[in-house]
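To start, the structure itself, in C-alpha cells.
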Amino acid sequence: MKTDTSSVAIGEGVVVLRRRGRPAATAAILGSQAGPDGLTQTFWLDRMLHEPGEDTLGGHPVCGAVVTQIVVPAGMDLQE
C-alpha cells in the first residue's frame, strides 16, 4: 500500500487530484449517489485517477478497475 499524500477537490461536474511534484489530474463526474446513512456521497469518475495499490486519495476511499469510484463526506464541494 502506498502512502496517500494527495489532495482532492470536487467542483461542479469535475474532480481535481493534486499530487506533490505532478501536474493536477482532472476527471469528469459520471454520476453520484448519496450513501445509505446520508453521511457520505459516492462519485463515479470518467477515468482512473488512482494508481494500482492505492486505496485512498486525499484521505477518501477509492476503488475501481476501469474508472475511479470515490467516497467523500456528504456535502463536500469545492474543498480540498
Ranking Leu49, Leu30, Pro61 by how far each Cα lies towards the positive end of the charge dipole of the chain (+1 on Lys and Arg Cβ, -1 on Asp and Glu Cβ), the top one is Leu49
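Please identify the trypsin sites (Lys or Arg not before Pro) of the stretch 1-34 that satisfy two criteria: DSSP loop assignment and at most 11 other Cβ atoms within 10 Å. Which are they? Numbers along the way, then the final one.
Details: sites: Lys2, Arg18, Arg19, Arg20; in loops: Lys2, Arg19, Arg20.
In loop regions of the stretch 1-34 (DSSP not H, G, I, E or B), the sparsely surrounded trypsin sites (Lys or Arg not before Pro) are Arg20.
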A chain fully extended from Arg22 to Val71 at 0.36 nm per residue, minus the present Cα-Cα distance, gains in nm 15.3 nm
Sequence order, the stretch 16-33: Karplus ³J(HN,Hα) from phi using 6.51 cos²θ - 1.76 cosθ + 1.60, θ = phi - 60°, Hz rounded, Gly and Pro as x, gives 10, 10, 10, 10, 4, x, 10, x, 5, 10, 10, 9, 6, 8, 7, x, 8, 8
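Throughout, read-outs are computed from the coordinates displayed, never taken from laboratory work. Source: prediction; values computed, not measured. Please note: Cβ atoms are built from the backbone with ideal geometry, for glycine as well, and neighbour counts cover all protein chains shown.
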